There are 2 protein chains.
Amino acid sequence: MAEYEVRFDCHPEPIRVPAGTLLVEVAQQAGIEIQQPCGGQGRCGRCAVKVESGQVRRRSVLRLSKSDIDAGYALACQTVVEGDASIVVPPPEAIQRRLTTDHIAPEAALPEGYDASHAQSVRRVAIQLTPPSMDDQTDDWGRLCATFRRETGLELLNASLDQIRQLGATLRSSDWHVALTFDTGPKGEARLIRAQPADQAADAPLWGLAIDIGTTTVTVWMVDLLTGQVMRQAGEYNRQIARGEDVISRIIYAGKGNGAAELREMVLGSINGLIQTACERTQLATDDIVKATISGNSTMMVLLLGIPADSIRLEPFITPINHLPRLSAIDVGLAMNPAGIVDPLPGVASYVGADITAGVLASELRTSPELTLFIDVGTNGEIVLGSSEWLVTCACSAGPAFEGAGVVHGMRADTGAIEEVWIDGGSYEPACRVIGNVAPRGICGSGLISLVAEMFLTGLLDKGGNINETLGNPRVRRGDYGPEYVIAWAAESEGEEDIVIARVDIDNLLRAKAAIYAGFNVLADSVGVPLETVERVLIGGSFGKYINVEKAVHIGLLPDMPWERFHFLGNTSVKGAYLALIDSAARDEIAEIASAMTYIELSADNTFYEAFTSALFLPHTDISRFPSVKAAMA
Amino acid sequence: MAEYEVRFDCHPEPIRVPAGTLLVEVAQQAGIEIQQPCGGQGRCGRCAVKVESGQVRRRSVLRLSKSDIDAGYALACQTVVEGDASIVVPPPEAIQRRLTTDHIAPEAALPEGYDASHAQSVRRVAIQLTPPSMDDQTDDWGRLCATFRRETGLELLNASLDQIRQLGATLRSSDWHVALTFDTGPKGEARLIRAQPADQAADAPLWGLAIDIGTTTVTVWMVDLLTGQVMRQAGEYNRQIARGEDVISRIIYAGKGNGAAELREMVLGSINGLIQTACERTQLATDDIVKATISGNSTMMVLLLGIPADSIRLEPFITPINHLPRLSAIDVGLAMNPAGIVDPLPGVASYVGADITAGVLASELRTSPELTLFIDVGTNGEIVLGSSEWLVTCACSAGPAFEGAGVVHGMRADTGAIEEVWIDGGSYEPACRVIGNVAPRGICGSGLISLVAEMFLTGLLDKGGNINETLGNPRVRRGDYGPEYVIAWAAESEGEEDIVIARVDIDNLLRAKAAIYAGFNVLADSVGVPLETVERVLIGGSFGKYINVEKAVHIGLLPDMPWERFHFLGNTSVKGAYLALIDSAARDEIAEIASAMTYIELSADNTFYEAFTSALFLPHTDISRFPSVKAAMA
């Protein structure tokens, strides 16, 4: 067998190994410590190394993004030597940072072949007007429109009263040389956003915002509209959280007294806070922000706009409006140019909103004839099944368990949250990865999935989710909420008590995963295709950012399929809003997607309840659906 | 010669007279007193009687409106007997009232053959929506649009955010049976004004406003949009008068500190006060007023809308915008449905505004190929010359003399104003008609014209406007402002001093009339037609309501033509706004008129100054232009 030389940056001598040796094994020979918290299963991503040169084969790249791979990263536990190679072992902190913060970088890349001058609906042109005289007393607005028409071939639409009020001073102070910023519509009509002296506008920036309003998190991308490039990304918790964790409690709160106005101010506070901070840091004037696209679920959208949301909550669950008109920033209340255009993206139904239509666009589901499943699990779980030909969608009331809420020691995926757990099959001792690498404070959604999967595979849980109290292990005990398992003793943790998972938490999680898996089944049944024939599973949303597919399959949340069919796309909602912002055709496609989707109401679907109850087990009543889990158990 | 019997209501016996006898002579025979302040010249209208039956011939009907004539009125001094007749002599008060207040009644008549269902752009339809269900979860707005499209064949345009906010509650409270009020545009698109429960709308009124904002007076007509009929007319002084009598002083005031906002509030106060009073009296809710058209000169228009007006005043005299977009009532600030449509009519130039384009429409100038002069003399004098084929226009800075301002004892045409004067050629004693039939307080514009004409014809004034101080008459004397003529002694008047006209007042008036007459000349010259060939003179505006043509010709203000060529149209500006309100085609025509008019800037026209100086005499340097005046002098 051929032998090759592998060089490490942190080791003086090359190591000689036979072809096919795993990089972790080569490192071991060199005495180099590479962390493998998941035991070398390619699940945790902590063993990532950088292949500077040479030939290797990556068996799995599950935890790596496309840009990671382009940069040469490989999972040492999943990569074999196929030639001489030079390897850099990054410090553990660098890996940690990549895994938790750099994940959205590739999402923000400019689409291939993008040309702002064709795709962008916002334009700015400088025009020189002939000054008025006693021989030419044309009115200011008429003069502007005539010159604009001559220069651009476009009709200038009626401006707002405020714009008309300001026009005369702008024309005169600029010596009749003005720059007009406008948005072009589908019929080639131009809607004036801003008129300013041309010399002020010459090198001035022209910004747009892609905004995603999640129930939990608000994300804002600031975009240079002249190039289409994302210049800044920012996110923070949706301040509405203080008035309810999920959409239902928000709707109820909005229905009381001044609740709607308060919620509106809260989410505006979140968005505008992000905008203002970004503007301060980049020395940008909010007046230079001239357009925003908004994505988000239907409840978030109507709460932002001050539209009553009650009918979303009450049977038959009707959303006030799917296709909203383009609005003015001043009417919406965003911290940008008051005459700027705010474009709320269209939704499909009360529980399938613009976040999903934008997500479908961003996921590129429609670019392929392959049968594809798109899921976005946040506070709710929305699922789309389809291809370039057709789309069906549904929403599952997963509840907030996957966001760490409704669980005794649950928390959001923030510093101190246990996000992955491995349990030793002999001692039942857990090993945890904690966000921020600090002492744990609680456990987040991905940690819960990981934990339940490990408990199930190690026999701490049975099929029904019951904790095995017969093991005589000190970590299994009776607590305030019945049987529980101690994940971290108080001494190891940030707080003063043990971090545990109780039987009630497990039930919560089982209901959440069963709802989603049942959703897959109902969608597949509705179009008469077996779930196993799905060729791609596209996972959007914050949920997909950290999830361990293998463990999600183990608990029966995701269908049991080869790993390569799963693709993690991060925040597809904001990415879709971004594409709609920089590309008129993308915006049109989101509207088409919204119109093309067939929505299936699960609560009106007889097959749903059956599928749900079948899925309330680990991994499922019908174990034959989960061959890899069956194999792992054996 | 044939003899006929004439019966009077106030006389027991019929009077037998030969054919051709004047009615005043018949009355004299019967011992019936009929007032003739103008000396039987058919100029004052005070001898009006009602012909109940029988045959008479009216030689002149100058002071009578068409509806007066239809009602049988005739001027006793200008009407001859041509058969047996029955005559009613109205009490003097009734005549007075007809002359001063009922003048606008015929203007407000519904156009012949008017059909609201075809002409009216505002419509209201009741539609029954299928309520949503678990099987049909279409969003509220989508459901409304689809049903509306099915029922009317029209596309419902994007509604405002406020309307979307209210929609859900309206749909549900009405059991999905709603009435939609909307305005249809030229492309058959419908702009939603109001959605309300159908049962509330069934018998509800649907009102519109035709508003004319004059520099001096604000006029509001309330119109039933379902029939097109004018239901109420109201007017009051434009409260802006307190900040300047003419447009120039208003513009200057608007440019200082908070001036613009103050002026805006003032005029809104005038308009909204009229609306609110009318609503209270008719038990109408302002929400039922859904559309308004606005006419007025360019300065009044931009001051109402908060648009800076400076450029109107400063050379080269540019108005900010001629063709304004349709606005929402809430943005304008009118006391009507906040989502109601406000349609500011288009103007032509800084000093030829919507009042003139609307006036040209209302005057029906364009319906005839006859060469026609349209004049509207208020604070400024605007003139249009043209026919169905073409239109030229100019504006003369007449100054406010014709509104009684800038004259020592001048006042507006209000109670106590002397509005007509006759001077005895022997004693130089004046006889006055006073508005409201009270002791005089001052003299208004029409009174001034009348006075100067009488003074000229009786020799109190020479051609140059100099007062003849050689007559030895006690009414001619030297006062604070030089030579003056006493119109009313303090004892006869309301105030404590004599009411006089001074030389400076006469100069003022001469400049004003010269500017207007010169305007006629420049317009006629600009298109190469002699002024004498004008076939119709249409007189709009408050000026035209009371003016005595003969006296206006005597002073050289109006061209010397047969009386029958003059037509008094009253407030053509508000009438044009009314027609635009009730008829889409009329609204389109006003836009066409605005585009078709060629504007001639007099201050840039070399011929104007020459024409002006020639016209600074009584009646004119060239007396051959005024043959009837020459005859009267002889």
Under 8 Å for C-alpha pairs, at least 6 residues apart: give me the relative contact order for segment A:365-455, rounded to a whole percent.
22
Segment A:154-303, dipole about Cα centre (Lys/Arg Cβ +1, Asp/Glu Cβ -1), debye to the nearest 20
380
List for segment B:133-154: residues with 50 Å² or greater reduction in accessible area, all protein chains versus chain alone, probe 1.4 Å?
B:MET134, B:GLN137, B:ASP139
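Report the gain in length on full extension from B:ASN606 to B:ASP224: 0.36 nm times residue separation, minus Cα-Cα distance, nm rounded to one decimal.
Numbers: separation 382, 0.36 × 382 = 137.52 nm, distance 4.89 nm.
Length gained between B:ASN606 and B:ASP224: 132.6 nm.
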Compute the long axis of helix B:584-596 from its Cα atoms, compare it with the longest principal axis of the Cα atoms of chain B, and write down the angle in degrees, 0 to 90, nearest 10.
60
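Tell me the mean residue ellipticity at 222 nm calculated for the protein assembly as shown from its helices only (DSSP H runs of n ≥ 4, each -39500 (n - 2.57), averaged over every residue, nearest 500). Write down the numbers at each step before the final one.
Details: 42 runs with 405 residues, N = 1268.
The helix contribution divided over the protein assembly as shown gives -9500 deg cm²/dmol.
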Computed over chain A: longest principal axis from alpha-carbon atoms vs helix A:259-282 long axis, angle to nearest 10 degrees, is 80
With all protein chains modelled, accessible area of B:GLU370 [1.4 Å, Å²]:
70
Sorted from shortest, what are the nm distances separating the label point of A:PRO186 from equivalent points in the other copies, each placed 7 Å from Cα along Cα to C-beta?
2.2
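Return the carbon/sulfur percentage of the accessible area of the protein assembly as shown, one whole number, probe 1.4 Å, all protein chains in place. Don't skip to the answer; put the middle values down first.
Numbers: 23240 of 48820 Å².
Its accessible area is 48 percent carbon and sulfur atoms.
Does segment B:512-603 classify as rounded, prolate or oblate by the C-alpha gyration tensor (a ≥ b ≥ c root eigenvalues; a/c under 1.5 gives rounded; else a/b over b/c gives prolate, otherwise oblate)?
Values: a/c = 2.12, a/b = 1.38, b/c = 1.54.
The shape class here is oblate.
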Extending each Cα 7 Å along its Cβ direction at B:ARG243 and B:LEU110, get the distance between those two points in nm, one decimal.
4.1
Angle between the Cα long axis of helix B:161-173 and the longest principal axis of chain B, 0 to 90 degrees, nearest 10?
70
What are the residues of segment A:273-310 that lose 10 Å² or more of accessible area, with a 1.4 Å probe, going from their chain alone to all protein chains?
A:LEU305, A:GLY306, A:ILE307, A:PRO308
Between the residues B:LEU371, B:LEU345, A:PHE402, the Cα farthest towards the positive end of the dipole of the protein assembly as shown, that dipole coming from +1 and -1 charges on the beta-carbon of Lys, Arg, Asp and Glu, is from A:PHE402
What accessible surface, in Å², does a 1.4 Å probe find on B:TYR237, ignoring ligands, DNA and RNA and rounding to the nearest 10?
80
Signed unit charges on C-beta, dipole axis of chain A, positive-most listed residue A:VAL125, A:VAL421, A:CYS444:
A:CYS444
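Would you mind counting up the charge near B:ALA278? Only other residues with Cβ under 13 Å from its Cβ, with Lys and Arg at +1 and Asp and Glu at -1. Walk me through the numbers before you get to the answer.
Values: positive: B:ARG232, B:ARG281; negative: B:ASP224, B:GLU236, B:GLU280, B:ASP288.
Net charge in that neighbourhood comes out at -2.
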So which of B:LYS256/B:LYS513; B:LYS551/B:LYS575; B:LYS256/B:LYS575; B:LYS66/B:LYS551 end up more than 29 Å apart, counting from Cα to Cα?
B:LYS256/B:LYS513; B:LYS256/B:LYS575
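I'd like to check one number: the per residue accessible area of chain A, probe 1.4 Å, reported in Å² as a whole number. Intermediate results must be reported in sequence, preceding the final value.
Values: 24430 Å² over 634 residues.
Solvent-accessible surface per residue comes out at 39 Å².
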If you average the C-alpha positions of segment B:466-525 and of segment A:320-346 separately, how far apart do those two centres end up, in angstrom?
63
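Just how large is the dipole of chain B about the Cα centre, in debye to the nearest 20, putting +1 at every Lys and Arg Cβ and -1 at every Asp and Glu Cβ? Don't jump to the answer; show the numbers that get you there.
Working: 51 positive and 80 negative charges, 53 e Å.
Taking the Cα centre of chain B as origin, the dipole is about 260 debye.
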One would report the Cα pair-distance distribution of chain A, bin width 20 Å, in %, as 18, 47, 28, 7, 1, 0
Label geometry 7 Å along the beta-carbon vector: B:GLU262 inter-copy distances in nm
4.3
Rounded to the nearest 100 Å², what's the accessible area chains A and B bury against each other, both chains counted, probe 1.4 Å?
3100
For A:ALA431, residues with placed amide H under 5 Å, excluding near neighbours:
A:TRP422, A:ILE423, A:ASP424
Site B:GLU492, offset 7 angstrom along Cα→Cβ, radius 15 Å on amide nitrogen, limited to segment B:500-521, gives B:500-501
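Calculate, in nm to one decimal, what B:GLN28 and B:SER60 gain on full extension: separation in residues at 0.36 nm each, minus their alpha carbon distance. Working shown, then result.
Numbers: separation 32, 0.36 × 32 = 11.52 nm, distance 2.01 nm.
Taking 0.36 nm per residue and subtracting the Cα distance, the gain is 9.5 nm.
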Selection from B:GLY142, B:ASN466, B:ILE539 lying farthest towards where the dipole of chain B points positive, charges on Cβ
B:ASN466
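Rounded to the nearest 20 debye, what is the charge dipole size of segment B:257-333 about its Cα centre when +1 sits on each Lys and Arg Cβ and -1 on each Asp and Glu Cβ? Working shown, then result.
Values: 5 positive and 8 negative charges, 36 e Å.
So the dipole magnitude of segment B:257-333 works out to roughly 180 debye.
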Copies compared at B:ASP480 - label distances in nm, ascending, label defined 7 Å from Cα in the Cβ direction:
9.3
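The values are calculated or read from the model by the stated rules, or taken from the named source; none is laboratory data. Because the structure is a prediction, the values reported are computed rather than measured. Don't worry about glycine lacking a Cβ; one is built from the backbone with ideal geometry, like all the others, and counts go over all protein chains shown. Remember, those area values only see protein heavy atoms, side chains included, never the ligands or the DNA or RNA. Shrake-Rupley method; radii C 1.70, N 1.55, O 1.52, S 1.80 Å.
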